1. Need one number: convex hull volume per residue for the range 77-153, Cα atoms only, in Å³.
2. Which of the peptides 45-55, 74-84, 129-139 is most tightly packed, and how do the rest follow, going by the mean number of other Cβ atoms within 10 Å of each residue?
3. Quick query: amide H of ILE108 versus all other amide H atoms, modeled in the peptide plane; which residues come in under 5 Å with a sequence gap of 5 or more or a different chain?
4. Rounded, prolate or oblate for the range 53-120? Axes are the square roots of the Cα gyration tensor eigenvalues, ordered a ≥ b ≥ c, and the cut-off for rounded is a/c under 1.5.
Amino acid sequence: MSAPAATVNADNPWPGFLSFRQADRDVFGGPRTQTEELLRLVMRERLTVLFALSGLGKSSLLQAGLFPHLRRENVLPVYVRVDFSSPSPDLIGQIKRAITTQASAAQIEAPESPEGERLWDYLHRQDAEFWTNRNRPALPLIALDQFEEVFTL
């Protein structure tokens, strides 16, 4: 379940209670120092946890601040907000679908994943290569937004 998209432009530069999206990067006035620091951390570490109080703009910082910078580094940011509407949500299936959908939208060739294949196995197979439309290797980066909901819902 995804949140409705806000209409953000130069005349209406604020999405209200919704997060800025990747498409809003030109009007996102987020803090550059935090974006640059987060970019350095993400590129240097295998795992980065961004934690702060609710409503401070973490999702906006990821989508409109960090993700455009990652794309310039041939990184495929895969934004995942887990849908808990079913009684037994398939977290791994949702992540793999997000990888496929967002790779296609970014014109990145992604490997197929057979049904039932574990996420770790999918991302570490010998043939698990992601390629840009400019024939450059791309690195998938999975961003689990609101990850604490996995434990609370």
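Bear in mind that the values in this text are calculations on the coordinates, not laboratory data. Note that the coordinates shown come from a computational prediction; the quantities given were computed from them, not determined experimentally. Backbone-built Cβ (ideal geometry, glycine too); neighbour counts: all protein chains shown.
1. Per-residue hull volume (Cα only) is 94 Å³.
2. The densest-packed peptide leads the list: 74-84, 129-139, 45-55.
3. none
4. Oblate, because a/c is 1.5 or more while a/b does not exceed b/c.
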